[in-house]
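Take a look at the structure below.
No lab work stands behind these numbers, since they all come straight from the coordinates. Keep in mind that this is a model prediction, so the values were computed, not measured.
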Amino acid sequence: MSDAEISPRDRLIVALDFPNVAAAEALVWQLGDDVAFYKIGLELTIAGGLDFASELIKSGKKVFLDLKLHDIGNTVEKATAAAAERGVSLLTVHAYPQTLKAAAKGAQGSALKVLGVTVLTSYDDADLAAAGYAAGVEEMVRRRAASAREAGVAGVICAPTDAAMVRAIVGPAGLVVTPGVRPAGADVGDQKRIATPADARRAGADMIVVGRPVTAAADPLAAAREIVAELAGA
Ligand SMILES: O=c1ccn([C@@H]2O[C@H](COP(=O)(O)O)[C@@H](O)[C@H]2O)c(=O)[nH]1
């Protein structure tokens, strides 16, 4: 499928950051056919999310497993192969060359797309300095996007504010997925590098990840519909 053929609905990935499967199931039921792509992260994975991922896939939804793997090559390769076997569509690993290459190998021959996490959207230059990095966000994002391209993974996770720069590095075929998305006026929470759904899309994001602006909304279905409408107009 070419990029132009992806519908606005399929560009929205809702993050199921819940402490249990029952709460995640209730939201998926509430959103119905308006949302087709879900992200399962660390919290839900620890609470039985892997079996729930398989159920979602069986019911026709797409699943992004956001595990941000980072370990020795053999472990990352085998874990990636196991994710591919489960039928998930997207999997994250941290964008270190060794990790990216191992994940690319683990996904070989499958439909799984591996995404390298560049710099977390909750980080700014001061956070990187506090973690011991000499380079700032822009430089680190550039380096990691280039590592992802060189390792041959499908694409990257970056902030919407980095998307245009990243697009120039990964090229038109690279998948650019951006969390840190906030509709105008939404609570920013712990995110630091943010943009609206429309601005993320205009900057070159193929897909956006949205959690709390949908999951914590008084009316999650209306919130999801507004985001899809905004994407459609971008
Ligand atoms: O750099 C990153 C990588 C992953 N995430 C994940 O995306 C969602 C965002 O949730 P919100 O509630 O919309 O802030 C969450 O699951 C993160 O683990 C990210 O935010 N930034």
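In terms of its C-alpha gyration tensor, region 77-156 has a prolate overall shape, because the principal axis ratio a/c (a ≥ b ≥ c, square roots of the eigenvalues) is not below 1.5 and a/b outweighs b/c.
Express the C-alpha Rg of region 127-193 as a ratio against the empirical globular expectation 2.2 N^0.38 Å, rounded to two decimals.
Dividing the Cα radius of gyration by 2.2 N^0.38 Å gives 1.20.
Once a ≥ b ≥ c are taken as the square roots of the eigenvalues of the Cα gyration tensor of region 1-63, is the result rounded (a/c under 1.5), prolate (a/b larger than b/c) or oblate (a/b not larger than b/c)? Taking the square roots of the gyration eigenvalues as a ≥ b ≥ c, region 1-63 is prolate.
Shown for the chain are the DSSP H helices of 18 Å or more along their axis, judged by Cα atoms, with a mean Kyte-Doolittle hydropathy of at least 0.5: 220-233. Considering only Cα atoms, the convex hull volume of the chain works out to 119 Å³ per residue. Seen through its C-alpha gyration tensor, with square-root eigenvalues sorted a ≥ b ≥ c, region 107-221 comes out oblate because a/c lies at 1.5 or above while a/b is not bigger than b/c. Counting only DSSP H runs of at least 4 residues, each contributing -39500 (n - 2.57), and dividing by the residue count of the chain, the helix-based mean residue ellipticity at 222 nm comes to -12000 deg cm²/dmol.
Pairs of Cα atoms nearer than 8 Å and 6+ residues apart set the relative contact order; for the chain it is 19 percent.
Give me the log10 of I(q) over I(0) for region 1-119 at q = 0.14, 0.15 Å⁻¹, as the Debye formula computes it from C-alpha points; what are the numbers? Evaluating at q = 0.14, 0.15 Å⁻¹ gives log10 I(q)/I(0) of -0.59, -0.67.
Full extension of the chain between A36 and K61 yields a length gain of 8.5 nm, computed as 0.36 nm times the residue separation minus the alpha carbon distance.
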